[in-house]
There are 2 protein chains.
Amino acid sequence: MTSIGVDLGGTKIMAVLVHDGIVVEKAKKSTPRIGTPDDVLDAIAKAVAKVDPDDRAEAIGVGVPGPVRPGSGVLPIANNLPGWDHDVDVEAGLSARCSGRRVVVDNDVNVGTLAESEVGAGVGVDNLLGIFMGTGVGAALVLDGRLRQGPRGIAGELGHAFVAFREMESALVGRGELEDYAGRRMMEARARARHAAGEPSALIDLVGDDRMKSSTWEKALVAGDAMAASIVNDAAEAMAAALSSAIALVDIELIILGGGMAERLGESFRADLEQRLAARAFAGITAPIRGAALGDTGGALGAALLVEERP
Amino acid sequence: MTSIGVDLGGTKIMAVLVHDGIVVEKAKKSTPRIGTPDDVLDAIAKAVAKVDPDDRAEAIGVGVPGPVRPGSGVLPIANNLPGWDHDVDVEAGLSARCSGRRVVVDNDVNVGTLAESEVGAGVGVDNLLGIFMGTGVGAALVLDGRLRQGPRGIAGELGHAFVAFREMESALVGRGELEDYAGRRMMEARARARHAAGEPSALIDLVGDDRMKSSTWEKALVAGDAMAASIVNDAAEAMAAALSSAIALVDIELIILGGGMAERLGESFRADLEQRLAARAFAGITAPIRGAALGDTGGALGAALLVEERP
């Protein structure tokens with residue numbers, strides 16, 4: 001079977017042509033920064049044409065940055081796509097632009113986890129959770145070998161687990177969700193608040209008023225910066241709390257850890273996190289953590305696999 | 001179909017004879033306080049004989065106070081049963097005592113939730129969570145219409161969700177799990193610690209050195225006791241945090257709330273909890289909370305239903 005997978009992100013669109021599970025063509029395009037959802041769909045159609053100019057693929061899978069309404073191809077809201085503040089039927093809109101071919105759509109983290117589950121770090125494991133640390137924290141669940149979408153399409157959102165229930169209103173930044181401690185955007189907000197209160201940090205010295213990247217955190221840690229170490233320690237402990245809760249709630253056998261921030265924090269962060277999970281285990285039952293294996297193309301490949309998962 | 005359901009608790013054993021989904025006979029026995037697992041199995045067999053002296057039922061379901069090893073009838077550990085500190089095959093042991101009839105076993109909270117799902121407060125809902133506030137906090141998941149046991153048999157353990165990740169080591173009592181705030185045993189420990197530190201409370205006036213019951217908490221709240229109100233407020237907020245996390249992780253459409261403590265706290269607690277859930281909703285998606293409908297016999301009835309669920 002030949003299918004196309006598209007990973008639609010806030011900055012770039014990646015398309016792959018997949019034949020019998022193997023990526024045979026690959027293309028990247030910038031995501032339009034201004035305009036409307038129609039402009040975004042036009043850009044996706046161009047990326048599709050680039051990897052498959054002769055319409056060889058039977059169908060197209062798309063991973064999108066937001067929760068998709070189940071049983072439909074509708075993405076209601078996407079904060080990082082231009083003008084995407086209302087229901088947009090991605091399946092119908094893209095099918096119309098691609099010779100009427102079948103289009104299936106799901107959340108980008110869901111399809112990335114599907115790829116890891118079927119051809120990446122999770123091969124052979126039926127119950128796993130993929131978690132990706134970047135600007136925010138995205139996660140997805142595979143239960144009994146099937147990607148869980150859920151009746152309202154929100155399943156997997158462990159980034160929104162409340163790990164500090166008393167901080168709902170009192171916190172300086174955030175309201176006590178995992179993403180408030182382990183997502184890069186909020187980690188930076190914490191660092192800036194502490195700096196404004198008088199605490200020095202290499203994090204600020206490195207970037208000034210520019211945005212902190214994952215590499216900024218890596219550099220500050222290597223330099224022995226105390227504030228960076230403290231904020232990353234909180235991130236690890238919050239991750240351990242949320243992941244342990246998830247293991248006890250749905251009984252997960254494997255955790256796959258990915259995303260730019262996790263890659264920069266590296267093997268020592270993964271191994272440390274595994275130990276923190278063991279310390280929090282219920283009834284002695286925990287789960288190993290493996291690094292994501294598919295890197296940047298995992299999302300697009302997973303979108304192509306979705307075509308077979310949802311025939 | 002005629003089957004028997006048994007709810008094995010730390011203080012009592014309840015057995016029911018169920019014909020086509022209706023309870024037609026019912027019996028109670030005390031759980032042995034001393035002895036061995038064999039004594040407990042003997043007591044269960046007697047309760048079974050009491051509701052079904054002529055062996056009319058084809059099979060027997062049992063709800064047990066602990067996680068059962070999946071694909072087996074083995075309960076490895078039960079702190080509140082005498083001498084139960086090693087693997088005991090409940091299915092084989094009880095079948096041998098009951099004319100070789102088929103026996104199926106699962107966790108008591110799992111079977112109680114199964115009953116609510118099939119004939120109680122959850123009828124018609126495919127994705128729900130049952131949560132029971134008592135000495136501890138027990139919970140169970142029904143996903144896509146099926147009770148989730150999980151590959152290691154621990155699924156549903158929301159009582160062990162970490163809702164206060166910084167309290168792993170620093171807390172006066174507990175380590176930041178939901179049960180540490182919303183389970184009666186730990187709520188009492190908190191009250192006693194605050195009292196020992198000099199804070200007065202009707203809770204202590206009511207019971208002295210005796211154990212606080214659910215009714216103790218109800219009385220103290222009615223009397224306007226500040227400490228009881230503060231500890232129950234923490235329980236509600238911790239419940240809201242854990243339940244909201246569960247909704248976002250697995251996409252649950254309904255929460256069924258039961259257990260002695262929840263019954264005493266009553267309708268105002270349920271309605272308040274529903275509002276707290278709405279305040280923490282991810283993407284505006286929450287779930288209603290309904291009171292458990294089956295009361296005391298829910299567990300035994302669910303155990304009988306398990307016989308049909310796992311043929």
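The values are calculated or read from the model by the stated rules, or taken from the named source; none is laboratory data. Quick caveat, the model's predicted, so the values are computed rather than measured. As a convention, Cβ positions derive from the backbone with ideal geometry for all residues, glycine included, and neighbour counts pool all protein chains shown. Side chains included, ligands, DNA and RNA excluded: accessible areas come from the protein's heavy atoms. Shrake-Rupley method; radii C 1.70, N 1.55, O 1.52, S 1.80 Å.
The number of residues in segment B:41-59 being within 15 Å of B:MET1 (Cβ to Cβ) and surrounded by fewer than 22 Cβ atoms within 10 Å (Cβ to Cβ) comes to 4.
May I ask you to list the residues in segment B:46-71 that are more than 21 Å from the chain's Cα centre (by Cα) and assigned to a loop (DSSP other than H, G, I, E, B)? Once the filter is applied, which keeps residues that are more than 21 Å from the chain's Cα centre (by Cα) and assigned to a loop (DSSP other than H, G, I, E, B), segment B:46-71 yields B:ASP52, B:PRO53, B:ASP54, B:ASP55, B:ARG56, B:ALA57, B:GLU58, B:GLY71.
Here's the yes/no breakdown for (1) over 21 Å from the mean Cα position of the chain (by Cα); (2) assigned by TED's automatic domain parsing to the domain that holds B:PRO67:
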| position | (1), (2) |
| --- | --- |
| B:TRP84 | no, yes |
| B:ASP87 | yes, yes |
| B:LEU94 | yes, yes |
| B:ARG97 | yes, yes |
| B:GLY100 | yes, yes |
| B:ASP106 | no, yes |
| B:VAL109 | no, yes |
| B:GLU118 | no, no |
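If the condition is being open to solvent by 30 Å² or more (accessible area, probe 1.4 Å), within 26 Å of B:PHE165 (Cβ to Cβ) and not hydrophobic (A, V, I, L, M, F, W, C), then segment A:201-233 contributes A:LYS213, A:GLU218, A:GLY224, A:SER230, A:ASN233.
Please determine whether any residue of segment B:165-185 is among the hydroxyl-bearing types (Ser, Thr, Tyr), within 20 Å of B:ALA229 (Cα to Cα) and at the interface with chain A (Cβ under 10 Å from one of its Cβ atoms).
Applying the first criterion (among the hydroxyl-bearing types (Ser, Thr, Tyr)) to segment B:165-185 yields B:170, B:181.
The next check asks that each one be within 20 Å of B:ALA229 (Cα to Cα); those that pass are B:181.
Narrowing further to those that are at the interface with chain A (Cβ under 10 Å from one of its Cβ atoms): B:181.
There is at least one residue in segment B:165-185 that is among the hydroxyl-bearing types (Ser, Thr, Tyr), within 20 Å of B:ALA229 (Cα to Cα) and at the interface with chain A (Cβ under 10 Å from one of its Cβ atoms).
The lone criterion from (1) in contact with a helix residue (DSSP H, G or I) (Cβ under 9 Å, 6 or more places away or on another chain); (2) within 26 Å of B:GLY174 (Cα to Cα) left unmet by B:VAL125 is number (2). If you go through segment A:99-121 one residue at a time, do you hit one that is closer than 28 Å to A:ARG184 by Cβ and assigned to a loop (DSSP other than H, G, I, E, B)? Within segment A:99-121, one or more residues are closer than 28 Å to A:ARG184 by Cβ and assigned to a loop (DSSP other than H, G, I, E, B).
Can you find even one residue in segment B:153-174 that is touching a residue at least 40 places away in the same chain (Cβ under 8 Å) and at positive phi? Looking for residues that are touching a residue at least 40 places away in the same chain (Cβ under 8 Å) and at positive phi, one finds at least one in segment B:153-174, hence yes. Checked against (1) over 19 Å from the mean Cα position of the chain (by Cα); (2) over 27 Å from A:THR286 (Cα atoms); (3) open to solvent by 10 Å² or more (accessible area, probe 1.4 Å), A:ASN80 passes all but condition (1). Within this structure, B:THR31 fails the test of being surrounded by fewer than 17 Cβ atoms within 10 Å (Cβ to Cβ), modelled with pLDDT of 95 or more, among the polar types (S, T, N, Q) and in the same structural domain as B:LEU301 (by TED's automatic domain parsing). For segment B:1-23, the set of residues classified as surrounded by fewer than 22 Cβ atoms within 10 Å (Cβ to Cβ), assigned to a strand (DSSP E or B) and hydrophobic (A, V, I, L, M, F, W, C) consists of B:ILE22, B:VAL23, listed by residue number.
Within segment A:127-167, the set of residues being assigned to a helix (DSSP H, G or I), over 24 Å from A:PRO76 (Cβ atoms) and open to solvent by less than 10 Å² (accessible area, probe 1.4 Å) is empty. Does A:GLY124 count as away from chain B (no Cβ under 14 Å), at pLDDT 95 or above, in a loop (DSSP other than H, G, I, E, B) and surrounded by fewer than 18 Cβ atoms within 10 Å (Cβ to Cβ)? Against the criterion (away from chain B (no Cβ under 14 Å), at pLDDT 95 or above, in a loop (DSSP other than H, G, I, E, B) and surrounded by fewer than 18 Cβ atoms within 10 Å (Cβ to Cβ)), A:GLY124 does not qualify.
Applying the set (1) within 14 Å of chain A (Cβ to nearest Cβ); (2) touching a residue at least 40 places away in the same chain (Cβ under 8 Å) to B:SER230 leaves exactly one unmet item: (2).
If I go through segment A:233-287 residue by residue, how many of them are among the acidic types (Asp, Glu), at the interface with another protein chain (Cβ under 9 Å from one of its Cβ atoms) and in a helix (DSSP H, G or I)? So that I can check it myself, show each step before the final result.
From segment A:233-287, those among the acidic types (Asp, Glu) are A:234, A:237, A:251, A:253, A:263, A:267, A:272, A:274; that's our starting set.
Filter again for at the interface with another protein chain (Cβ under 9 Å from one of its Cβ atoms), leaving A:234, A:237, A:251, A:253.
Then drop every residue that is not in a helix (DSSP H, G or I), which leaves A:234, A:237.
Of the residues in that region, 2 qualify.
Taking each residue of segment B:60-75 that is crowded, with 24+ Cβ neighbours inside 10 Å and looking for partners that are among the basic types (Lys, Arg) with beta-carbon atoms closer than 7 Å, six or more apart or interchain, yields B:ILE60/B:ARG101.
Put simply, of A:LEU265, A:LEU249, A:LEU273, A:LEU277 the only residue that is open to solvent by less than 40 Å² (accessible area, probe 1.4 Å) and either among the hydroxyl-bearing types (Ser, Thr, Tyr) or in contact (Cβ under 8 Å) with a residue 40 or more places away in the chain (or both) is A:LEU265.
With respect to the conditions (1) more than 12 Å from chain B (Cβ to nearest Cβ); (2) open to solvent by less than 40 Å² (accessible area, probe 1.4 Å); (3) modelled with pLDDT of 95 or more, A:GLY198 lacks only one, and its number is (2). Given the structure, is B:GLU177 buried (at least 18 other Cβ atoms within 10 Å of the Cβ), modelled with pLDDT of 95 or more and charged (D, E, K, R)? The answer is yes for B:GLU177.
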